[in-house]
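S.K.: Mind looking over this structure? Questions follow.
The values are calculated or read from the model by the stated rules, or taken from the named source; none is laboratory data. As the structure is a computational prediction, the values presented were derived from the model and not from experiment. Using ideal geometry, Cβ is built from the backbone for each residue, glycine included, and neighbour counts are taken over all protein chains shown. These area figures cover heavy atoms from the full protein model, side chains too; ligands, DNA and RNA do not enter into them. Shrake-Rupley method; radii C 1.70, N 1.55, O 1.52, S 1.80 Å.
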Amino acid sequence: MRNGSTVTGRAPWARLLAPLPALLVVLVALAPLVLPWLGNVDDQRLVDLDVYRTGGRELLEGRPVYDFMTPAPQLLPFTYPPIAAMLATPLAMMSWPVAQWVWTGLILLTLAVTVRYAFRPALERPALERPAFERQGGWRLPLLLALLTVACAYLMPIRDQFRFGQVDILLVALCLADCVAPRPPWPRGLLIGLATAVKLTPGVFLIYLLLTGFGPGARKEQRDAFLMAVFTATLLTVLPFLVIPSDAADFWFGALLDPERLGANAATTNQSVRGMLIRLYLPDQLTSLLWLALVAVIAWYGFRHARRALLDGHPTTAVALVGLMAVLLSPVAWIHHLAWVVVVLGALAGDGRDPVRVRVAAGVWLYYVLPVPWWGVTIKAAEIPVLSPVVGKIVQNGFGLGALVLVWLLGVWLPRRRAALPGDAARLKA
């Protein structure tokens, strides 16, 4: 019979080896997804990473950051605030192959962090309440995290992170961790401020912190987080004016005001509300009026339910709602901006003990795995009378329309589902 000292002596080795099966699962399962893009021709792989690196290189070599274009056929300009170019200088110092591997690894790491926080209720269920397969051995929990990470990696918005070398999942991880980490070692609000300074759209979280930190039912920690986020974003916005003033002026008074700089706004990949309206090809003034009206209604609806979710004790749901606002309200929101779907899935699934919520989450996962908008393009190209112009247009806008449905699911359906199981209210929080 083994004594307590023997078991204790083996425990550190067991803890050390526990993540290895999970790591192996991730590497094997994601190799077919990642390696083809890393092995593609230079001008067709990780093209957004090339933009970041080139912006950093232009800064290091003293050339205007907002005047360059990446080589043909992409011809992509740098579209981010000047602080992003400053932060990209380490990438510019790396060789192109090394930068690709480092950035891909960072995407995977931040995806795992996002999954860890988004699915925290399921991953941190008390050991005795987990299914038997989760209780047997220390490697079970890392394996569950690995399986969830792999599943989320195959979502189309996340596949595009690997394909283009995008930064969105990093920004998702920053905002999510800042909002839901139980006892963060950093001042809460710092990461939201950083994300906002780098890519502006996370600025919707400043609105969220303002609404939850002030007024009826306000929380002091939210107010403090708002002040820290504003301070951080302001500091990182002002800093480039002191270090690279001409580039800072070029962005804030030039590049920022040119929506076409981001790409063709009417393209299928733009799944924001404005993108969907543009594809109706109405007169420009009418499109703008409709957009402003819809943005006002969606913002009111989304932020109201996000505030309610937080006050009811469901911060992950609140973050998911605010993340969807970042997509729907933005003038341009590419498919990869919908990386927030990872947080949505975590909020819907909860701790995994409500089979209805799990099935709904699985349905949402499958929907965003499939290339739905591109099916719409195919239907339109078929030129079938009635079907092609109407159904094709709806399907082409499938991810944006789906995001609107997700706002309803999180804001209305999910609270009703929790209320339908009052005896389980505590364990169903997500």
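S.K.: May I ask you to compute the full-extension gain from Val356 to Ala419, defined as 0.36 nm times their residue separation minus their alpha-carbon distance, rounded to one decimal in nm? Walk me through the numbers on the way to the answer.
M.R.: Values: separation 63, 0.36 × 63 = 22.68 nm, distance 1.35 nm.
My answer for the length gained is 21.3 nm.
S.K.: Per residue of the chain, what 222 nm ellipticity follows from adding -39500 (n - 2.57) for every DSSP H run with n ≥ 4, rounded to the nearest 500?
M.R.: Working: 24 runs with 283 residues, N = 430.
It comes out at -20500 deg cm²/dmol, rounded to the nearest 500.
S.K.: Can I ask one more? What list of ³J(HN,Hα) couplings, whole Hz, do you get for the range 387-398 from phi and the Karplus terms 6.51, -1.76, 1.60, once you set θ to phi - 60° and write x for glycine and proline?
M.R.: Result, ordered by residue: 4, 4, x, 8, 5, x, 5, 4, 5, 4, 8, x Hz.
S.K.: Can you give the local net charge around Gly62? Use residues other than it whose beta-carbon is closer than 15 angstrom to its beta-carbon, Lys and Arg +1, Asp and Glu -1. Provide the component values of the computation, followed by the final result.
M.R.: Numbers: positive: Arg57, Arg63; negative: Glu58, Glu61, Asp67, Asp247, Asp250.
So the environment of Gly62 carries a net charge of -3.
S.K.: Within the chain, which is the longest segment containing none of the GluC sites (Glu not before Pro) that sit in a DSSP loop and have at most 16 other Cβ atoms within 10 Å? Can you show the working numbers first?
M.R.: Details: sites that count: Glu61, Glu124, Glu383.
So the longest stretch without any such site is 125-382.
S.K.: Another question, then. Using the Cα centre of the chain as origin and beta-carbon charges of +1 (Lys, Arg) and -1 (Asp, Glu), tell me which of Val34, Trp252, Leu148 is placed farthest towards the positive end of the dipole.
M.R.: Leu148
S.K.: Taking only protein heavy atoms and a 1.4 Å probe, what accessible area per residue, in Å², does the range 272-348 have with all protein chains in place? Show your work: numbers first, answer last.
M.R.: Details: 2680 Å² over 77 residues.
Here the residues of the range 272-348 average 35 Å² of exposed surface.
S.K.: Starting from 0.36 nm per residue, how many nanometres of slack lie between Ser95 and Lys393 once their C-alpha separation is accounted for?
M.R.: Gain in length upon complete extension: 103.0 nm.
S.K.: What FRET efficiency comes out for the pair Ile384/Ala72, r = Cβ-Cβ distance, R0 = 35 Å, nearest 0.05? All intermediate terms of the calculation are to be shown ahead of the outcome.
M.R.: Working: r = 36 Å, r/R0 = 1.03.
Efficiency for this residue pair is about 0.45.
S.K.: Run the simple label-point estimate for Val297 and Leu60 please: 7 Å along Cα→C-beta, distance reported in nm.
M.R.: 5.0 nm
S.K.: Taking 0.36 nm per intervening residue step and subtracting the Cα-Cα distance, what contour gain separates Ala266 from Val377 on full extension? Could the numbers behind the result be given before it?
M.R.: Values: separation 111, 0.36 × 111 = 39.96 nm, distance 1.26 nm.
Here the segment from Ala266 to Val377 would lengthen by 38.7 nm.
S.K.: Then there's this: Quick one: how many lysine pairs in the chain have C-alpha atoms under 30 angstrom apart, if they're 8 or more apart or on different chains?
M.R.: Numbers: Lys199/Lys220; Lys199/Lys393; Lys220/Lys429; Lys380/Lys393.
So the count works out to 4.
S.K.: At what distance in nm do the modelled label points of Phe241 and Leu370 sit from each other, each positioned 7 Å from its Cα along Cα→Cβ?
M.R.: Output for this residue pair reads 5.0 nm.
S.K.: I've got another one for you. In the chain, what percent of the accessible surface is made up of carbon and sulfur (1.4 Å probe, ligands and nucleic acids excluded)?
M.R.: On the way: 13940 of 19790 Å².
Result for the chain: 70 percent of the exposed heavy-atom area is carbon or sulfur.
S.K.: Using Cα springs under 10 Å in a Gaussian network model of the chain, which residue among Pro371, Pro19, Pro185 shows the largest mean-square fluctuation?
M.R.: Pro185
S.K.: Students sometimes get this wrong: rank Trp291, Trp101 by accessible area, probe 1.4 Å, all chains present, largest first.
M.R.: Trp101, Trp291
S.K.: Here's something else I'd like to know. Between Phe253 and Leu109, what is the label-point separation in nm under the 7 Å Cα-to-beta-carbon projection?
M.R.: Here the modelled spin labels are 3.9 nm apart.
S.K.: Now for a different question. Quick check: with the 1.4 Å probe, what order do Tyr281, Tyr117 take by accessible area, largest first?
M.R.: Result, largest first: Tyr281, Tyr117.
S.K.: Of Gln166, Gln285, Gln100, which is the most mobile in a GNM of the chain whose springs link Cα atoms less than 10 angstrom apart?
M.R.: Among Gln166, Gln285, Gln100, the largest mean-square fluctuation in the Gaussian network model of the chain belongs to Gln285.
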